[in-house]
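These notes concern the structure reproduced below.
The values are calculated or read from the model by the stated rules, or taken from the named source; none is laboratory data. For clarity, every value in this text was computed on a predicted model and none was experimentally measured. In this analysis, Cβ positions are derived from the backbone assuming ideal geometry, glycine residues included, and neighbour counts consider all displayed protein chains.
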Amino acid sequence: MTSVVSTDSAPAPDVQLDDLDWWTRPAPERNAAFARFRAAEDLPFFPEQDLEGTPRGRGFHAVTRYADVVEVSKRPDEFCSGEGVNIFDQPPHLREFFGSFISMDNPEHARLRKIVARGFTAKNMEAMRDQVAATTREILTEVAGRGECDFVTEVAALLPLRVVDDLMGIPRSAEQFIFDKTNAVLGASDPEYVADQSPRGVATALMAAANEMAELLRELAAERIKSPQDDLISKLVAATTEENLTTEELASFFILLVGAGNETTRNAISHGLVALTQNPDQRRIWADDLAGVTPTAVEEIVRWASPVVHMRRTVTQDGVRLGDKEFREGDKVVLWYGSANRDESVFVDGDAFDVRRSPNPHIAFGAPGPHFCLGAHLARLEIGVAFQEILTALPDIEAAAEPEYLRSNFIHGIKHLPARFTPTAL
Ligand code: HEM
């Protein structure tokens, strides 16, 4: 069904980064491949797969070195986001529907980002600390007596779900719905979430899930117009008149925030338990000084996990350069965050998990630039509080099997992770 053709002269690399099955391989194997790409003189070029029923893309250049990812992120006029942030191409209306301002350039990007940014400041997020701790304890209470659980679906996924739902004003009754729909949008390439993996089947499932989320938003927005609450949906509904936000833009905000807020933090927490299981010495260091070590441990989890695998940029004009490489207009340039975060020229022993790593200038939330993650403060708060509570309530919790990875080259996801611990009553 698939054939690949190169549109560039660079030699074909030994793995295909859009071969999604490769992404379910063990992490050390994937990390070793990226170490080879970083060491290569030229940027590796990857042809795109020829998927039945869709025009074949022109291929992409892989940016795997830290300094190069930083450089590209800082030059949005030459490497833009407006043509899409995924490798595959989507028509503009779908790109905006699924991606909102993450796949836009200025001035639209700045206008829309400003509207939601007020709700995500470090101060606003810090005010949520007690609530995040209470939500974590509530989740742990549900599993503590059993001595075992699926750490992803019963712990790591529930915290960001409940926190984002509370922030947005989504009722608890919609929790399972949001979990299923965000899985279908951001995990569409995995047969567990979308059974029909043909290009048409994936596209249909994506559209259906996004439309159902937009429908929920419309219902909630209609309620908030009648009786505003102290939540983000009420603020966004107010912005439709105050800032000329259209209802389509509002629906796309919702899909972006709910997806970005859930799928990333969940995976950071899940990878965190894998890391602590593989590194008992690091667990001891953290557990012995929870408050002192948490700030650096959180950064290390985010670096080590790099939950967002890539973002794409598109070259805006002929002659744009990155080092010795000269691009043509329309070239796709893909930023591989997990690779940049293990770059040996920046991180000593980057594969190692070191809860006291300092400095740790990782770029898992994106490198400095207009698209830097809006939810970074919230994610840091959630991950830190989650592990402080987990290591206090279930001090011997560990992964009981290998992680089951998501079949995706966009989200570094873990779908299931059996965990065990001494049963306790909380
Ligand atoms: C560990 C958790 C997270 C990671 C690793 C992460 C990572 C990222 C990355 C890599 C980008 C793109 C940066 C770029 O293109 O330059 C991004 C953008 C974004 N993230 Fe996050 N994110 C996380 C959590 C969150 C949370 C909790 C939210 C909100 C509830 C969120 C909302 C967003 C939004 C709205 C954008 C788009 C920003 C823009 O285009 O201006 N993220 N994130």
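Pairs meeting the criteria (first residue in the range 401-413 and crowded, with 23+ Cβ neighbours inside 10 Å, second residue part of a loop (DSSP other than H, G, I, E, B) and among the basic types (K, R), beta carbons under 9 Å, at least 6 apart or on different chains) are G413/R407. Is at least one residue of the range 322-330 without any contact (Cβ under 8 Å) to a residue 12 or more places away in the chain and in a strand (DSSP E or B)? For the range 322-330, residues without any contact (Cβ under 8 Å) to a residue 12 or more places away in the chain and in a strand (DSSP E or B): present.
Yes or no: R342 surrounded by 15 or more Cβ atoms within 10 Å (Cβ to Cβ), within 16 Å of the ligand (Cβ to nearest atom) and part of a strand (DSSP E or B)? Working first, answer last.
Details: surrounded by 15 or more Cβ atoms within 10 Å (Cβ to Cβ): yes; within 16 Å of the ligand (Cβ to nearest atom): yes; part of a strand (DSSP E or B): no.
So R342 fails the test.
Of the residues making up the range 345-379, those that are part of a helix (DSSP H, G or I) and more than 8 Å from the ligand (Cβ to nearest atom) number 1.
For R36, state whether it is over 22 Å from the mean Cα position of the chain (by Cα), part of a helix (DSSP H, G or I) and at pLDDT 90 or above.
Details: over 22 Å from the mean Cα position of the chain (by Cα): yes; part of a helix (DSSP H, G or I): yes; at pLDDT 90 or above: yes.
Criteria met by R36.
The number of residues in the range 188-215 that are in a loop (DSSP other than H, G, I, E, B) and either over 19 Å from Q49 (Cβ atoms) or among the acidic types (D, E) (or both) comes to 5.
Only a single criterion out of (1) within 12 Å of the ligand (Cβ to nearest atom); (2) outside any helix (DSSP H, G or I) is not satisfied by V132, namely (2). Could you list all residues from the range 75-104 that are of a type outside the set (V, I, T), under 20 Å from the mean Cα position of the chain (by Cα) and over 16 Å from F60 (Cβ atoms)? Correct list: G82, L94, R95, E96, F97, F98, G99, S100, F101, M104. Which members of the range 237-289 meet the condition of being of a type in the set (D, E), modelled with pLDDT under 95 and out of contact with any helix residue (DSSP H, G or I) (no Cβ under 8 Å at 6 or more places or on another chain)? Residue satisfying the conditions is E242 alone. The set of residues from the range 240-292 being touching a residue at least 24 places away in the same chain (Cβ under 8 Å), more than 15 Å from the ligand (Cβ to nearest atom), assigned to a helix (DSSP H, G or I) and not charged (D, E, K, R) comprises T247, L276, T277, Q278, Q282, I285, W286, A287, L290, A291. Residues that are free of Cβ contacts under 8 Å to residues at least 40 places away in the same chain and within 26 Å of A214 (Cβ to Cβ) are absent from the range 68-84 altogether. Of the residues contained in the range 311-320, none is found to be crowded, with 22+ Cβ neighbours inside 10 Å and part of a helix (DSSP H, G or I).
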